[in-house]
Every structure is written in structure tokens, then in C-alpha cells.
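Enquirer: Starting off with a structure, shown below.
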Amino acid sequence: MRHYITRLWLGFLSLCSGLRITFGHMLRKPVTLEYPHVEPELSAAYRGAIKLIRFDETNSHDCVACMQCVNICPSFCIDIEGGRVDGIKKKRAEKFTMDFNLCSLCGLCLDVCPTTTLEYSRLYDAAGYDPEAFRMDLLDDYRGFEDQFRSEQAEREQAEKEKKDAEKKARAAEKAAAAAAASESSQDSTT
């Protein structure tokens, strides 16, 4: 009987020790998040999936299909198609597909982009079973705005051309006035 009382007393002490540790941890700040109910705070250096930047002045991306990101990608996960567009001078990407199953988020494509139109997204919860879900055309968000961009870009290019022409005429007028003044001063000095 004494053996049972000793075991009962040791069990009670073990229970109290466990409850003391449990209650002590209940009062501490949690170490983990209750995902998906609480979103994580992402640091400024967080690297999510690659995305195209939407520029405020054009309300569109600025990918010119130069293929530099395709050429430098060590994972061969970028596929771009594009070229000249009727009505504007600028080349334009028509398809920009990334396979995030292969992407290692190395950032080489961001570094080599001449128009700085690529950046890391803040996407942190990309998970799934279908590999096709991670092959994305990054231009899908921009397709509805493409016609508007092209017409506005044609207007911007026309305004820029008119400005350059006006500056060219002003420089020519300045040269003509300077030449006339030089010729007039040379005539005054000879007489």
C-alpha cells in the first residue's frame, strides 16, 4: 500500500511540475503565429515571387521584351514574347511567363532588367498540389489596360516629338540670330 501512495504522490508532483511549466508559458508572448488567422510581418528584405511593377505615370509595366532576364536566368524559368507595336516606338512584351516551380528567387533577372520593371512580390502563402498553378503569365493583370496604354503612349510620344521639334527650331533661330549678329559686327568692324 505504501508503494501505491508513493507512486501517487510522485505522480501528483509530476502533474504540478507540468502545470507550473504550462501556466508559465501561457503568460509569455507566443513564438508562432496562428496562421492563417494572423498574417506574418514581412521584413523589407523578404523575397516573394517575381512580379512586374505598375508605374503610376503609365498605369502599366515597362517590359520591352529585351530578353536579358531570359538569357541570365540560371533556372530557365522565364519565357517572354514581344516586339514592336503598331502606333508606338517602344517595344512591348506580349507574353511574360514565369515557372515558379523552377524559380530560385536569385534576383538576377531584377538586376539585369534595363527598365527596372521587375521586383519581388510580398506573396508568402503560395502552396498547392497542381504544378500548372505556378506557371503564371505576369501580364494577366495588365491585359485590360493595354489598349489604353498604347493610345496614351502614342500621345506621349507625339508630345515629346513636338517638344523636340520646338527646341530644334529655337536652337536654329538662336544660331541664325547669332550668325546675323556676328555678320553685322564683322561689317561694322570692316567699315
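Throughout, read-outs are computed from the coordinates displayed, never taken from laboratory work. Source: prediction; values computed, not measured. Here the Cβ positions follow ideal geometry from the backbone for every residue, glycine too, while neighbour counts run over all protein chains shown.
Enquirer: Give me a comma-separated list of calculated 3J(HN,Hα) values for the stretch 96-104, in order, Karplus coefficients 6.51, -1.76, 1.60 applied at θ = phi - 60°, integers in Hz, x for any Gly or Pro.
Expert: Result, ordered by residue: 9, 9, 10, 9, 6, 5, 9, 4, 9 Hz.
Enquirer: Hey, another quick one. Between 80, 21, 88, where does the largest GNM mean-square fluctuation fall for the chain, given springs only between Cα atoms within less than 10 Å?
Expert: Highest fluctuation of the listed residues: 21.
Enquirer: Another one. Whole-Hz ³J(HN,Hα) for each residue in the stretch 23-31, computed from phi via Karplus 6.51 cos²θ - 1.76 cosθ + 1.60 with θ = phi - 60°, x for glycine and proline: what do you get?
Expert: Once θ is set to phi - 60°, the couplings for the stretch 23-31 become 5, x, 6, 5, 8, 7, 5, x, 8 Hz.
Enquirer: Once the cut-off is 13 Å, how many percent of the Cα-Cα pairs in the stretch 24-90 end up in the long-distance tail? List each step's numbers first, then the result.
Expert: Values: 1779 of 2211 pairs.
The proportion of pairs with Cα distances above 13 Å equals 80 percent.
Enquirer: Also, I was wondering about something else. Where Rh denotes the Kirkwood radius from the mean inverse Cα pair distance, what is Rg over Rh for the stretch 65-151?
Expert: Ratio of gyration radius to Kirkwood radius for the stretch 65-151: 0.98.
Enquirer: Out of 58, 26, 74, whose Cα points farthest toward the positive end of the dipole of the chain (charges: +1 Lys, Arg; -1 Asp, Glu; placed on Cβ)?
Expert: Result: 26, furthest along the dipole toward the positive end.
Enquirer: Given the DSSP H assignment, sum -39500 (n - 2.57) over each helix run of at least 4 residues in the chain and divide by its residue total; what's the result at 222 nm in deg cm²/dmol, nearest 500?
Expert: -14500 deg cm²/dmol, from helical runs alone.
Enquirer: Now a separate question. What is the calculated FRET efficiency for residue 89 to residue 132, with r their C-beta to C-beta distance and R₀ = 30 Å, to the nearest 0.05? Intermediate values should be presented prior to the final figure.
Expert: On the way: r = 36 Å, r/R0 = 1.21.
The calculated FRET efficiency here is 0.25.
Enquirer: Which of the trypsin sites (Lys or Arg not before Pro) found in the stretch 106-187 are loop residues per DSSP with 14 or fewer other Cβ atoms within 10 Å of their Cβ?
Expert: On the way: sites: 122, 135, 143, 150, 156, 161, 163, 164, 168, 169, 171, 175; in loops: 122.
Sites meeting the loop and neighbour criteria: 122.
Enquirer: Ok, one more. Using a Cα-Cα cut-off of under 17 Å, which aspartates and glutamates could be cross-linked to residue 95, ignoring same-chain neighbours fewer than 8 residues away?
Expert: By straight Cα distance, residue 95 reaches 62, 79, 81, 86, 132, 137, 140, 141, 146, 147.
Enquirer: Sort 28, 47 so that the residue with the fewest other Cβ atoms within 10 Å of its own Cβ comes first and the one with the most comes last.
Expert: With the sparsest Cβ surroundings first, the list reads 28, 47.
Enquirer: Using a Gaussian network model on the chain with a 10 Å cutoff between Cα atoms, which of 97, 22, 58 fluctuates the most?
Expert: Top of the fluctuation ranking is 22.
Enquirer: Just order 60-69, 111-120 by mean Cβ neighbour count inside 10 Å, highest at the front, would you? Please list the in-between numbers first.
Expert: Working: 60-69: 19.3, 111-120: 15.5.
Going from most to least packed, we get 60-69, 111-120.
Enquirer: What number, in nm² with one decimal, is the all-direction average of the projected area of the convex hull of the alpha-carbon atoms of the chain?
Expert: The Cα convex hull of the chain, projected and averaged over all directions, gives 23.9 nm².
Enquirer: Follow-up question, since we're still on this one. Rounded to the nearest 5, what is the percent of antiparallel bridges among the DSSP beta bridges in the chain?
Expert: Numbers: 14 of 14 bridges.
Just about 100 percent of them are antiparallel.
Enquirer: Show me, for the stretch 63-79, the HN-Hα J-couplings you get by feeding each phi into the Karplus relation (A = 6.51, B = -1.76, C = 1.60, θ = phi - 60°), rounded to Hz, glycine and proline as x.
Expert: 6, 9, 6, 7, 6, 5, 5, 5, 5, 8, 5, x, 9, 6, 10, 10, 9
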